[in-house]
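To start, the structure itself, in structure tokens.
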Amino acid sequence: MGRVDGKVAIVTGAGTGIGFAAATRLSEEGAKVTIAEFDAKSGEGAAEVLGADAQFVQHDVRDEASWQALMDKVAGTHGRPDILVNNAGILATERNQHLAATDLDQWRAIQTVNVEGVFLGCKYGVAAMTADGGRAKGGDGGGAIVNMSSIAGLIATSHLVAYGASKGAVRQLTKSVAIDCARKGLGIRCNSVHPGVIVTNMGNQVMGMGNGNVEENWKARLDLVPMGEPGQAVDVANCILFLASDEARHVTGAELVVDGGMTVV
Ligand SMILES: NC(=O)c1ccc[n+]([C@@H]2O[C@H](COP(=O)([O-])OP(=O)(O)OC[C@H]3O[C@@H](n4cnc5c(N)ncnc54)[C@H](O)[C@@H]3O)[C@@H](O)[C@H]2O)c1
């Protein structure tokens, strides 16, 4: 029996990178997964790889109507969601985001995807998970929400001012949602995940910032990782799987750091 057997899961930004790895691990462990992705090509491809129990829904985390349509579609095909991974996020720049170099449009674009997207996800996710009225009203709904933050939400990121602020907001929002759900007896847990440097498109984008020398910058950055190697998407996916599963039934409002020891030193 899989670790999330029969559960209904939604992963945003799951066409590639960490989102795809999370969708894959959830599917391997028995969940029916919806790939909620902005980019149709990667989203369709991801659902095809996962097979018959997975589906792709084109989705924009910034758009409230898109959240309602996503929840309606999942309810109609797989049923009431048990797991929501708010993974989609952007860095939105090829250049450093020092304070003086960050303009308001760029700041807003990042907050809209990374913060408003997660806020809407939590709001629509909790509503869908408690569509039967919730446990406090005799229903048997409930579930697990996993929000994607970053070590950028824990420590200063003077070269990524807007991104760091967005991930700090996700960390804090997660705790408020966790306590709101717990106090209302909804049976919904909410936790955040904080990756360090992970090999994905975004990881390469971060490394290309400044001098554009991706390879050289990966080497320099790895000096800051006590474990001496970058994380892989599946390393983060396995942490998401744990938090999404019933193994984490007493864990809520927590922050799980996946950074090879980077923020400890
Ligand atoms: N890679 C890293 O080193 C790292 C470290 C810490 C945190 N993170 C976070 O992990 C998450 C995934 O990052 P990744 O490295 O896999 O990035 P990625 O760029 O490889 O994947 C992000 C996915 O999100 C999708 N997306 C973007 N905007 C969207 C929108 N408006 N609606 C729906 N989908 C949208 C993209 O199409 C893409 O498929 C992000 O939230 C990121 O901030 C990544």
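Here, each number is a calculation from the coordinates, and none is a lab measurement. Quantities reported herein were computed from a predicted structural model and do not represent experimental measurements. As a convention, Cβ positions derive from the backbone with ideal geometry for all residues, glycine included, and neighbour counts pool all protein chains shown.
Springs between alpha-carbon atoms under 10 Å, Gaussian network over the chain: tell me which of 18, 155, 110 tops the mean-square fluctuations.
Between 18, 155, 110, it is 155 that shows the largest mean-square fluctuation.
First select every other residue whose beta carbon is under 13 angstrom from the beta carbon of residue 230; then total the charges, Lys and Arg +1, Asp and Glu -1. Write down the numbers at each step before the final one.
Working: positive: 219, 221; negative: 215, 223, 229, 235, 259.
Summing Lys/Arg as +1 and Asp/Glu as -1 gives -3.
How large is the dipole of the range 23-76 about the Cα centre if only Lys and Arg carry +1 and Asp and Glu carry -1, each at its Cβ, rounded to the nearest 20 debye?
Working: 5 positive and 11 negative charges, 13 e Å.
Using Cβ point charges on Lys, Arg, Asp and Glu, the range 23-76 gives about 60 debye.
Divide by every residue of the chain the summed helix terms, -39500 (n - 2.57) for each DSSP H run of at least 4, and state the resulting mean residue ellipticity at 222 nm, rounded to the nearest 500 deg cm²/dmol.
Values: 9 runs with 110 residues, N = 265.
Result for the chain, helices only: -13000 deg cm²/dmol.
DSSP H helices in the chain with Cα extent of 30 Å or more along the helix axis and mean Kyte-Doolittle hydropathy at least 0.0? Don't jump to the answer; show the numbers that get you there.
Numbers: long enough: 161-183 (34 Å, 0.18).
Correct list, ordered by number: 161-183.
Hey, got the dipole for the range 91-237? About the Cα centre, +1 on K and R Cβ, -1 on D and E Cβ, debye to the nearest 20?
Numbers: 13 positive and 12 negative charges, 143 e Å.
About 680 debye.
When 199, 57, 118 are ordered from fewest to most other Cβ atoms inside 10 Å of their Cβ, what list results?
Working: 199 16, 57 20, 118 29.
Lowest to highest Cβ neighbour count: 199, 57, 118.
Rg to Rh for the chain: what is it, with Cα atoms only and Rh by Kirkwood?
Here Rg/Rh amounts to 0.96.
Just want the ordering: 176, 27, 66, 192, from fewest to most Cβ atoms lying within 10 Å of their own Cβ.
Working: 176 12, 27 23, 66 19, 192 29.
Fewest-to-most Cβ neighbours within 10 Å comes out as 176, 66, 27, 192.
Work through the residues other than residue 14 whose Cβ is under 12 Å from its Cβ and net out their charges, Lys, Arg +1 and Asp, Glu -1. Intermediate results must be reported in sequence, preceding the final value.
Details: positive: 25; negative: 37, 39, 44.
Charge balance in the 12 Å sphere: -2.
For a test of understanding, tell me how many lysine pairs in the range 8-258 have Cα atoms under 17 Å apart, given they are 8 or more places apart or on different chains. Walk me through the intermediate numbers first.
Values: 32/73; 73/123; 123/175; 123/184; 137/184; 167/175; 175/184.
Close lysine pairs found across the range 8-258: 7.
Anyone know which of 133, 125, 231 comes out most mobile in the 10 Å Cα GNM of the chain?
133
Mind checking which of 109, 244, 100 has the largest fluctuation in a GNM of the chain, springs on alpha carbons under 10 Å?
100
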